[in-house]
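The values are calculated or read from the model by the stated rules, or taken from the named source; none is laboratory data. Keep in mind it's a predicted model, so treat the numbers as computed, not measured. Methodologically, a virtual Cβ is constructed for each residue, glycine included, from the backbone with ideal geometry; neighbour enumeration extends over all protein chains shown. For accessibility, only protein heavy atoms count, side chains too; no ligands or nucleic acids. Shrake-Rupley method; radii C 1.70, N 1.55, O 1.52, S 1.80 Å.
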Amino acid sequence: MIGYDDLPRELNLATHFVDRNVEEGRGGRTALIGPGGPTTYAELAELVNRSGNVLHELGVRPEERVLLVLADSVEFVALWYGAQKIGAVTAEAYTFLQPKDYAYYLDYTRAGVVVADETTEAAIREAAVGSRWLREILIVDGSFTDRLSRASPELEPAPTIKDDIALWKFTTGSTGQPKAAVHPTHSPVLSFEWYARGVLDLRPGDVVLPVPKLFFGYARDLAALFPFGVGAAGIVFPERSTPERIFELIAEHKPTILVNVPTMMAQMVAKTVQPGHDESLTLDMSPVRLCTSAGEALPKELHDRWLDVFGVEVLDGIGSSEAYHIYISNRPGRAKPGSTGELVPGYDAHIAENGELWIEGDTAALLYWGEHEKTKETFHGDRVRTGDLFERDADGYFWYRGRADDLIKVGGIWVAPAEIEHCLVGHPAVVECAVVGAQQNGLTLTRAYVVAREPLEEQELKEFARGHLAGHKVPREIRFVDDLPRTPSGKLDRKALR
């Protein structure tokens, strides 16, 4: 296994993941599949160089932040690597936020250049009014294409080293404003070696389709970074992810790896099995050799339903911006449905007395930017306090028990919402659910919000829960809703339910 000490001191992410494919004779292989067709590694390498030169023209300096706020595209990937090649620091934000949210990102990152497109231009321009740091808004449109064509296709990489700051990974902001976990160049390289190679066994013939968008590091790495480490290909598409669009992309491009989240898995299953469903949604999933799941816990019942409907192996795992990517994952051929899996090579773990998981590895972030006290709470050298509650069985598998800050005290007893949620999802009529603590007459009770695929009575679901849970864990109140609120990264937004 490759470790930190095995990496060369001089290391640039663009040369490591893009240029190396051309230098080693894979320039003609497909790197990206987008709406305009395939882009080869040779074509991508040239686009990266031109993009880096455009950023140079705009005065971007080494170690300066570049903020990308645009829809998924080949240009997104080329600009990301172009910034990396000149030694800048990349950060990304979701494309469907309000101007006030972008104003926060602009102020927080102090980016001199922000890259936007027609989906975000108006909001970014409104947010930029009065910005103290922003010099230029680069819009990816027809004029950008012309500018790119005039830029030089040659670019010498900045002499970055493996300990230089390379990128920011934002936390999801589910408990407050997003904050950036600051990572050096070696973090993505080691994560590729340990997870993409060591667990997923990425191969040159793989084609990766991400359900989340590229602003979310989980998807960006698995679609536009890790595949490049072996000369494989990623799929990029600008539209929002829906079950119908994912079905279309699977049928069109026949990916071998589907990068998924439990919410979309539930929606895909529901679309396929609901009464009177569109028969055109039935598709050949045989090219997909595995599906990854992360972002939130995958209930065993949903895992089993997915296998029954699609027959595609699911590798549930957990990672974080703080630890760069996935650090616990199920393995091909030995997944335990309901578990989060085993330690990814390169990591050690410790479960504290209260059940909280600490993870240790050389991909740990250096700090939270501008958050001194929070940094001290979370990072202890290469050890990261995750805030997640786990149990570990005799075989070394980890079982998720919820978030430490989500625990609800009911009648003097601590209750983990995740346990109740996993139970309720086991009912055949339940698509997904969320459990939160609610106040009633000065007392705390558990309230479940449930999305059902067919009419369902509250009492029936409570009786189902009583058959599987201790009495104090049965939700006191159940509310049926059309959908659950989500953060931009697709995680459940519990704050919106309280």
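Couple of notes before you dig in:
- All other residues whose Cβ lies under 11 angstrom from that of Tyr347 are scored, Lys and Arg at +1 and Asp and Glu at -1, for a net of -4.
- For region 22-106, applying the loop criterion from DSSP together with a ceiling of 14 other beta carbons within 10 Å to the chymotrypsin sites (Phe, Trp or Tyr not before Pro) yields Phe96.
- Cα long-axis angle, helix 74-85 against the chain (0 to 90 degrees, to the nearest 10): 70 degrees
- Compared with the dominant principal axis of the Cα atoms in the chain, helix 99-109 is inclined by about 60°.
- Contact order relative to length of region 352-414, as percent, for alpha carbon pairs under 8 angstrom and 6 or more apart: 30 percent
- Violating pairs (Cα-Cα greater than 28 angstrom) within the set Lys179/Lys213; Lys254/Lys336; Lys169/Lys473; Lys213/Lys254: Lys169/Lys473
- Accessible surface of the chain, 1.4 Å probe, proportion on carbon and sulfur as whole %: 48 percent
- Dipole of region 104-182 [Lys/Arg +1, Asp/Glu -1 at C-beta], most positive-end residue of Ala181, Ala123, Leu155: Ala181
- Size of electric dipole in the chain: Cβ of Lys, Arg +1 and of Asp, Glu -1, about Cα centre, debye, nearest 20: 760 debye
- Working note: 222 nm ellipticity from helices only, DSSP H runs with n ≥ 4, each -39,500 (n - 2.57), summed and divided by the residues of the chain, gives -8000 deg cm²/dmol to the nearest 500.
- Net charge of neighbours whose Cβ lies under 14 Å from the Cβ of Leu249, counting Lys and Arg as +1 and Asp and Glu as -1: -2
- The distance from the alpha carbon centre of region 371-413 to that of region 83-139 is 33 Å, rounded to a whole number.
- For region 442-498 and region 216-233, distance of Cα centres in Å: 36 Å
- Peptides ranked, highest mean first, by Cβ atoms within 10 Å: ranges 400-407, 215-222, 123-130, 374-381: 215-222, 400-407, 123-130, 374-381
- Counting DSSP beta bridges with both ends in region 245-403, the antiparallel % (nearest 5): 75 percent
- Against the chain, whose longest principal axis is taken from its Cα atoms, helix 262-273 shows a tilt of about 70°.
- Ala438 sits among other residues whose Cβ lies under 9 Å from its own Cβ, and their net charge, with Lys and Arg +1 and Asp and Glu -1, is +2.
- DSSP beta bridges confined to the chain are antiparallel in about 60 percent of cases.
- When each of the peptides 291-298, 60-67 is scored by how many other beta carbons lie within 10 Å of its residues on average, the order from highest to lowest is 291-298, 60-67.
- Counted over the chain with a bin width of 20 Å, the fraction of Cα pairs per bin, in whole percents, is 23, 57, 20, 1.
- Probe 1.4 Å, accessible area per residue of the chain, Å²: 41 Å²
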